[in-house]
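This report concerns only the one structure given below.
The values are calculated or read from the model by the stated rules, or taken from the named source; none is laboratory data. From a predicted model like this one, the values you see are computed outputs, not experimental measurements. Reconstructed Cβ throughout: ideal geometry from the backbone, glycine too, with neighbour counts over all protein chains shown.
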């Protein structure tokens, strides 16, 4: 398996959320990607704990939770209790990132850090040994359906090189935003391990086929 696919439920039909969760269960996708937004760190509000609790009741695949919120340390144990398997926080939101990542692992989850498009990959060098995943934002966070930032290919290559230099080659690189069949293979070739896809799955004429195509790109 060259890479994992994590459909983003932000692009699902919230009026038919269980249906779309079951769709991912039945698809070739590997994870669920859940974007939690607070309207402060990013200019949008998505969903919080009650909706995630409902998703977790039906999801049969790991929950990859992406916190786009300020002060994520307050909620680490809460998301662990809700069933998160991977918890990703933004480097830009964490004053003490090393401590935050340790707390995530202590709570029994895999620890991820997300980098906004303007944040250099060098910023994770000193915490590489505490990481399970790095999420590169390939759009500006906050809204689905945005155009992919072409600089992401070079940034992915640079991140892979940095992780290798730090003896952290097993850390997964996740790409989030604007991912589709037009760039999936190139991202994997650049070093990505996990592709987050929202609109390109849930807005497709045949979501199951779209998921299969992306999972096997």
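Could you list all residues from region 196-217 that are out of contact with any helix residue (DSSP H, G or I) (no Cβ under 6 Å at 6 or more places or on another chain), surrounded by 20 or more Cβ atoms within 10 Å (Cβ to Cβ) and outside any helix (DSSP H, G or I)? Of everything in region 196-217, just one residue is out of contact with any helix residue (DSSP H, G or I) (no Cβ under 6 Å at 6 or more places or on another chain), surrounded by 20 or more Cβ atoms within 10 Å (Cβ to Cβ) and outside any helix (DSSP H, G or I), namely 196. Taken over region 30-87, the criterion of being closer than 15 Å to residue 107 by Cβ, in a strand (DSSP E or B) and in contact with a helix residue (DSSP H, G or I) (Cβ under 6 Å, 6 or more places away or on another chain) is satisfied by 65, 87. On inspection, residue 24 does not qualify as touching a residue at least 24 places away in the same chain (Cβ under 8 Å), in a loop (DSSP other than H, G, I, E, B) and closer than 27 Å to residue 187 by Cα. From the list 111, 168, 158, the lone residue that is over 22 Å from residue 62 (Cα atoms), outside any helix (DSSP H, G or I) and touching a residue at least 12 places away in the same chain (Cβ under 8 Å) is 168. For region 165-178, a residue qualifies if it is at pLDDT 95 or above and under 23 Å from residue 65 (Cβ atoms), and the qualifying residues are 168, 170, 171, 172, 173, 174, 175, 176. Residues that are surrounded by fewer than 18 Cβ atoms within 10 Å (Cβ to Cβ), on the phi > 0 side of the Ramachandran plot and in contact with a helix residue (DSSP H, G or I) (Cβ under 7 Å, 6 or more places away or on another chain) occur in region 143-161; there is at least one.
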